[in-house]
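Written below as structure tokens is the structure these notes are about.
We did not get these values from a lab; they are worked out from the coordinates using the rules stated. As the structure is a prediction and not an experimental result, all values here were calculated from the model. Cβ atoms come from the backbone with ideal geometry, glycine included; neighbour counts cover every protein chain shown.
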Amino acid sequence: MILEVENVVKQFAGHRALDGVSLQVPENSVYGLLGPNGAGKTTLIRIINCITAPDSGEVRLNGRRMTPEDVSHIGYLPEERGLYKKMKIGEQALYLAQLKGMSKNDALKALKYWFEKFEIQAWWDKKVEELSKGMAQKVQFITTILHNPKLLIFDEPFSGFDPVNAELLKREILELRDKGATIIFSTHNMGTVEDLCENISLVNRSKVVLQGNVAQIRANHATDTYLIKTDVKLRVDGFELVSEQHKSGFFESTIKKQMQDTNNTLLQRLMTQTEIHSFQEILPSMNDIFIRTVNEVPDL
Amino acid sequence: MSKINLIIKREYTTRVMKKSFILLTFLTPLLMVGMVSLIVYLGSIKDDKVKKIVVVDRTGMYKNVLKSNESYNFQFADATVDEMKKQNDDGNEFVALLYISRDLSVDSTAAVMYSDKQVNMELKTYVSGMLNKYIEEQKLAAYNIPNLKQMVEKSHTNIDLKTIKWSEDGKEKEASAELALVIGMITAFVIYMFIVIYGAQVMSGVVQEKTNRIVEVIISSVKPFELMMGKIIGIALVGLTQFFMWVLLTGGILLGVSTAFAKNIDVSSIQKMQQAGQMGMQSVPADQLNGKMQEVLMAVNGLDFVQILVMFVIYFLGGYLLYASLFAAIGSAVDNETDTQQFSMPIMLPIIFAIYAGIFSAENPDGPLAFWCSMIPFTSPIVMMVRLPFDVPFWQIALSVGILVLSFVGTTWMAGKIYRTGILMYGKKVTWKEMWKWLRY
């Protein structure tokens, strides 16, 4: 575990932003931090970054209690992010890199690499106010990862990204993971969670309400429904027919199996009826699980 | 390089490289010297058009008294005021009409000057000066005492009270209250200006960082307090740079101008002063005039300029740090620059009060108002600068600086706490009560 958050509580004047939140982030993985607006994600991220201090509980990095000095090993892209409008891109990136503790030479070398990779060398002497929002986001991304941090934290990285840049960002996140980094990001975008994350925590009303491996969570939330493609219309026998469609010569039926049946017993039942062209278990999307879990919590 | 140095460097270089800073730094001394020269120049050129003044003298006694000179031409007319007024309908005939109805030695209010416009001071003093002198002579002559005129002229004295102050080593120094006043007011005003201008810059800098949303990126690498102090110190250096540039440039330009025109100015201005003296009631001999100039120079030497300059830098920094941290706290608490107004008002008030307290302190530099306002840290940087040229006891300076230092450490600490919370708060209307709460987090 590269990062462990244990029983963190944070109380603000009017409300409790985090209430006994714990999570473990395995090394070299992509971790998703999900939750509706105001659930406490940003507060948790700020605590991990030592921007605010928790009232109780602790954050451990590589098994040791985290100190403010450790923050320089974290790359942090905040949700509310900006750049100095009047400053030139190159100078600004260099300044931010030096603030992270890089030497001028190292920073210049790394900047050259990334500016070439993103094909933005021509922007070096431009001012931020001359750039579009998408361009500024590329620069922000570069300044976040420039110092090669082992742990990267992105708060809502996809908000405000156009689809092209979002795709680029996804690719870079996976590439960074393959190079050995650990990435934590918070998001509303459940599609990217399925694409990227191995593990997630779902935070709602200051508490973790769902946590674990994405595949596991989806399997646990399986609703025993299947999509079956056959030549002829299915006769309902030992299962429940949810919907049925006749499409280009095939019947596509969504069915729900009985609780006591396994997949194989269901298949056997179907095989007696007709030729089966495809048999697929329908797993709920993270989006469905998200909405269901969030709505489960009763209003207080 | 440590992080706070990086921040200071960025704040300093981005501001010093700004076109507006460079323009202001180089143009202000030029403007100041230009303005002074313009005033001197405009004052020195004479209106070459001779102005005609019609005199309606019913007594007929003053024909030889009112002498024309290169500016004014007196013409006597045998007409009534109304007739002359009609003649001057278009306003081009003459600029003013002097009407003398009775013997002025009997009725000193019998002379009236009419004009379409307000009669200017120069003409008024010129005419009344000539009439006064004549009437005085007339009255003296009426006593019938021989040589009285010469006796009066001899007895005419002009007491010039010199002020000499005893310095501690027993030497005597010539002092000038007027010069001390001018120096004190100028330094106090410059400090006032710098606190307001650069304090406001700190505030808008903080607001910009917050509205730009860059602040969270930066405080993930440095502590909020470092960011705040870096900004405050960086801008202080900008202010000092500007001040010293102004001093150097103004000094340089003045030196250049005065050496280039030294001869012309000296000769012509002294001549002019002599002329003015002769025109008026009393004539100042040229050697006395030179003595006056020497006195001013002596008085300039009498002031301790090193002390004033050192204290200026100390009070500038102290006062600036005290207020800048408060301005930073306000900048951190609001979401945009328009919201800063309601919060900066209570901070601006003591500064404005200080400048008034400074003006009143100048009249009585050792009075209770001056003393207390030079101890209270919110007014001391300005008021003490006014008092300094009047020789303030050392213990008072030390106490005042001590209180100022403790206070800015205090306000900076407080501001740091508000700043830390404020910069991460978005979209919330902040109240004083809220800020008080942040202070105690």
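Arrange the peptides B:5-14, A:115-124 so that the one whose residues have, on average, the most other Cβ atoms within 10 Å appears first. List each step's numbers first, then the result.
Details: B:5-14: 18.3, A:115-124: 14.1.
With the highest mean Cβ count within 10 Å placed first, the list reads B:5-14, A:115-124.
Using a 10 Å cut-off around each Cβ, can you sort B:T80, B:T211 from fewest to most neighbouring Cβ atoms? It would help to have the intermediate numbers written out before the result.
Values: B:T80 12, B:T211 16.
By the 10 Å Cβ count, ascending, the order reads B:T80, B:T211.
Holding the Cα-Cα limit at 18 Å, pick out from A:K85/B:K417; A:K86/A:K170; A:K150/A:K179; B:K223/B:K437 the pairs that are longer than that. Please report the intermediate quantities before stating the final value.
Working: A:K85/B:K417 27 Å; A:K86/A:K170 30 Å; A:K150/A:K179 10 Å; B:K223/B:K437 20 Å.
Pairs exceeding 18 Å: A:K85/B:K417; A:K86/A:K170; B:K223/B:K437.
Compute, for the protein assembly as shown, the length of the dipole vector about the Cα centre, with Cβ point charges of +1 (Lys, Arg) and -1 (Asp, Glu) only. Units Debye, rounded to 20.
On the way: 77 positive and 77 negative charges, 122 e Å.
Result for the protein assembly as shown is approximately 580 debye, rounded to the nearest 20.
What nm value, rounded to one decimal, do you get for the distance between B:W413 and A:L108 when each label is placed 7 Å out toward the C-beta?
About 4.3 nm, to one decimal.
Among A:K112, A:K41, what is the fewest-to-most ranking by other Cβ atoms within 10 Å?
Details: A:K112 13, A:K41 26.
If I rank by nearby Cβ atoms, fewest first, I get A:K112, A:K41.
Can you give the convex hull volume of the alpha carbon atoms of chain A per residue, in Å³?
Spelled out: Cα convex hull of chain A, divided by residues, is 180 Å³.
Using R₀ = 56 Å, calculate the FRET efficiency as 1/(1 + (r/R₀)^6) where r is the Cβ-Cβ separation of B:D82 and B:R440; round to 0.05.
Values: r = 83 Å, r/R0 = 1.47.
Calculated value: 0.10.
Rounded to the nearest 5, what is the percent of antiparallel bridges among the DSSP beta bridges in the protein assembly as shown? Let's see the in-between values first.
Numbers: 49 of 77 bridges.
Just about 65 percent of them are antiparallel.
Compute the distance in nm between two label points, each set 7 Å from the Cα along the Cα-to-Cβ direction, one at A:E240 and one at B:I403.
8.3
Output ³J(HN,Hα) for the range B:209-225: one whole-Hz value per residue in order, computed from phi by the Karplus curve 6.51 cos²θ - 1.76 cosθ + 1.60 with θ = phi - 60°, and x for Gly and Pro.
Along the range B:209-225, the couplings run 4, 6, 5, 6, 6, 8, 4, 6, 4, 6, 6, 7, 10, 10, 6, x, 5 Hz.
Each label point is 7 Å from the Cα along the Cα-to-Cβ direction; what then is the distance between the points at B:Q342 and A:S248, in nm?
Inter-label distance under the simple model: 6.4 nm.
Which of the peptides A:142-152, B:306-316 is most tightly packed, and how do the rest follow, going by the mean number of other Cβ atoms within 10 Å of each residue?
Numbers: A:142-152: 20.5, B:306-316: 16.2.
For the peptides A:142-152, B:306-316, the packing ranking is A:142-152, B:306-316.
Given R₀ = 56 Å, FRET efficiency for B:M113-B:L254 by Cβ-Cβ distance, to 0.05?
Working: r = 41 Å, r/R0 = 0.73.
With R0 = 56 Å, the Cβ-Cβ based efficiency is 0.85.
Against the longest alpha carbon principal axis of chain A, how many degrees, from 0 to 90 and to the nearest 10, is the axis of helix A:89-99 turned?
Value to nearest ten degrees: 90.
Divide by every residue of the protein assembly as shown the summed helix terms, -39500 (n - 2.57) for each DSSP H run of at least 4, and state the resulting mean residue ellipticity at 222 nm, rounded to the nearest 500 deg cm²/dmol.
Numbers: 24 runs with 390 residues, N = 741.
It lands at -17500 deg cm²/dmol.
Over 36 Å apart: what share of the alpha carbon pairs of the protein assembly as shown falls there, rounded to a whole percent?
Considering the protein assembly as shown, 65 percent of its Cα-Cα pairs are separated by more than 36 Å.
Skipping prolines and chain starts, which residues have an amide H placed within reach, meaning under 5 Å, of the one on B:V55, given they are 5 or more residues away or on another chain?
Result for B:V55 returns B:Q75, B:F76, B:A77, B:L98.
FRET efficiency for A:I291 and B:F360, Cβ-Cβ distance as r, R0 = 51 Å, nearest 0.05? All intermediate terms of the calculation are to be shown ahead of the outcome.
On the way: r = 71 Å, r/R0 = 1.39.
Using R0 = 51 Å, I get an efficiency of 0.10.
Please rank A:M259, B:M375, B:M203, fewest neighbouring Cβ atoms within 10 Å first, as an exposure proxy.
Values: A:M259 6, B:M375 17, B:M203 25.
The fewest-first ordering by Cβ neighbours comes to A:M259, B:M375, B:M203.
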